[in-house]
1. Which residues, taken from the stretch 104-137, are surrounded by fewer than 11 Cβ atoms within 10 Å (Cβ to Cβ) and on the phi > 0 side of the Ramachandran plot?
2. Checking Gly50 against (1) part of a helix (DSSP H, G or I); (2) surrounded by fewer than 16 Cβ atoms within 10 Å (Cβ to Cβ); (3) not aliphatic (A, V, I, L, M), which single condition isn't satisfied?
3. Out of the residues in the stretch 7-42 meeting the condition of being in contact (Cβ under 8 Å) with a residue 24 or more places away in the chain and among the aliphatic types (A, V, I, L, M), tell me which one is farthest from Ser151 (Cα to Cα).
4. I'm checking my understanding of the structure. Among residues of the stretch 112-148 that are assigned to a strand (DSSP E or B), in contact with a Phe, Trp or Tyr (Cβ under 7 Å, 6 or more places away or on another chain) and not β-branched (Val, Ile, Thr), which one is nearest to Ser82 (Cα to Cα)?
5. Among all residue pairs at least 6 apart or on different chains, which show Cβ distances below 7 Å where the first residue, located in the stretch 90-110, is outside any strand (DSSP E or B) and the second is of a type in the set (Asp, Glu)?
6. Within the stretch 26-39, does at least one residue satisfy the condition of being buried (at least 17 other Cβ atoms within 10 Å of the Cβ) and in contact with a Pro (Cβ under 7 Å, 6 or more places away or on another chain)?
Amino acid sequence: MKKVILDALDIRILSAVQQHGQISKSRLSELVSLSPTPCWMRLDKLKKAGFIKGYRGDIAIDKILDLTRVYVTVSLKAHNRSNFERFEKRIQSVDEIVECSATGGGSDYVMKVITKTLHDFQNLIEQLLDEEIGIDRYYIYVVTREVKSTSLSLSKLLDNKTSSSD
């Protein structure tokens, strides 16, 4: 597929989708100051180019359940492709691990894990250790309260980029 070059209208459309999610054609066109048909055609082009990964609701789980959140840093025993692939494949299948990033520096991965209780978290870690997926050591950081959780503002990020290059 041909590379899509984004212009200011595309950025406004992506920003509106980021802020409002899946909205009507007329509402989106109002937000970006473009008539509905060309606006929808641009949105369709952005979807096809892979700029929009999906739509989801931001559910306040804490209002439903009291959950335990833990950040875990993991270092593997060996550092070759097959070890990384084995670890990552297993992590992909664990629902309680909601984020996992490969990192440089002191550890190989940082994971965000959400379980019902700290006991459930401990059981999960013990299960992963028993499975011999290459974990050498891990450190946990129990979240006591969330200070900030937000998405990166696309429009602000791109505004900063253009103003810093002037």
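The values are calculated or read from the model by the stated rules, or taken from the named source; none is laboratory data. Keep in mind the model is a prediction, meaning the values are calculated, not measured. No Cβ is skipped: glycine too gets one built from the backbone with ideal geometry, and neighbour counts run over all protein chains shown.
1. The answer is Gly105, Glu132.
2. Result: Gly50 passes all but (1).
3. Initial filter on the stretch 7-42 (in contact (Cβ under 8 Å) with a residue 24 or more places away in the chain): 9-15, 17-18, 21-22, 34, 39, 42.
Right, trim to among the aliphatic types (A, V, I, L, M) and you get 9, 11, 13-14, 17, 34.
Numbers: Leu9: 20, Ile11: 16, Ile13: 16, Leu14: 13, Val17: 12, Leu34: 25 Å.
Selected residue: Leu34.
4. Result: Lys112.
5. Filtered contacts from the stretch 90-110: Arg90/Glu131.
6. Yes.
Table: residues versus (1) farther than 25 Å from Ile61 by Cα; (2) in the same structural domain as Val72 (by TED's automatic domain parsing); (3) modelled with pLDDT of 95 or more.
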residue: Phe87; (1), (2), (3): yes, yes, yes
residue: Ile91; (1), (2), (3): no, yes, yes
residue: Ile97; (1), (2), (3): no, yes, yes
residue: Ala102; (1), (2), (3): yes, yes, yes
residue: Gly105; (1), (2), (3): yes, yes, no
residue: Val110; (1), (2), (3): no, yes, yes
residue: Leu118; (1), (2), (3): no, yes, yes
residue: Gln122; (1), (2), (3): no, yes, yes
